[in-house]
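Worksheet for the structure shown next.
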Amino acid sequence: MPRRTLTINNTDFWVFGVCGGLGRYLGIDPVLVRAVFFIAIFGYGTGLGIYLLLLVLMPLDDYNNPE
C-alpha cells in the first residue's frame, strides 16, 4: 500500500493547490474542502490564516520523482 503524503496539488488547483492537496489526502472532493475554507474565511475569519499556514508548510508535488 503506497504511503499517502500531504502535498500541494499542482494539477487540481484554483489559487495555490492547498485545497486540492487536502482533498486528495483525505479522499474527498476538493470542492468540499474549498467550501469549508470559504465558510471559515468569511464566516469566522480564521480560514485565511489556516490556508496561508498550510501553503507555507505543505511541500509541492514531485511527479518527476515518484516513491
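The values are calculated or read from the model by the stated rules, or taken from the named source; none is laboratory data. Treat the numbers as computed from the prediction; the structure is a model and nothing was measured. Backbone-built Cβ (ideal geometry, glycine too); neighbour counts: all protein chains shown. In case anyone asks, the SASA skips ligands and DNA or RNA and just uses the protein heavy atoms, side chains included. Shrake-Rupley method; radii C 1.70, N 1.55, O 1.52, S 1.80 Å.
If you wrap the chain in the convex hull of its Cα atoms and look at it from every side, the mean projected area works out to 4.7 nm². Think of the chain as having a plus end and a minus end, set by charges on the Cβ of Lys, Arg, Asp and Glu; of Ala40, Leu52, Pro30, Ala40 sits farthest toward the positive end of this dipole. For a paramagnetic label modelled on Asp61 (point 7 Å from Cα along Cα→Cβ), amide N atoms under 15 Å away belong, within the range 8-42, to 8-31. The accessible surface of the chain, taken with every protein chain in place and a 1.4 Å probe, is 68 percent carbon and sulfur.
Provide the FRET efficiency to the nearest 0.05 for the Thr46-Arg3 pair, computing r from the beta carbons and using R0 = 35 Å. Kindly include the intermediate steps, with their values, before the conclusion.
Values: r = 30 Å, r/R0 = 0.85.
According to the calculation, E is roughly 0.70.
Entry comment: accessible area of the chain is 76 Å² per residue, from protein heavy atoms only and a probe of 1.4 Å.
Add -39500 (n - 2.57) for each DSSP H run of 4 or more in the chain, then divide by its residues: what number comes out at 222 nm, to the nearest 500 deg cm²/dmol? Please report the intermediate quantities before stating the final value.
Numbers: 3 runs with 30 residues, N = 67.
Estimated from H runs of four or more residues: -13000 deg cm²/dmol.
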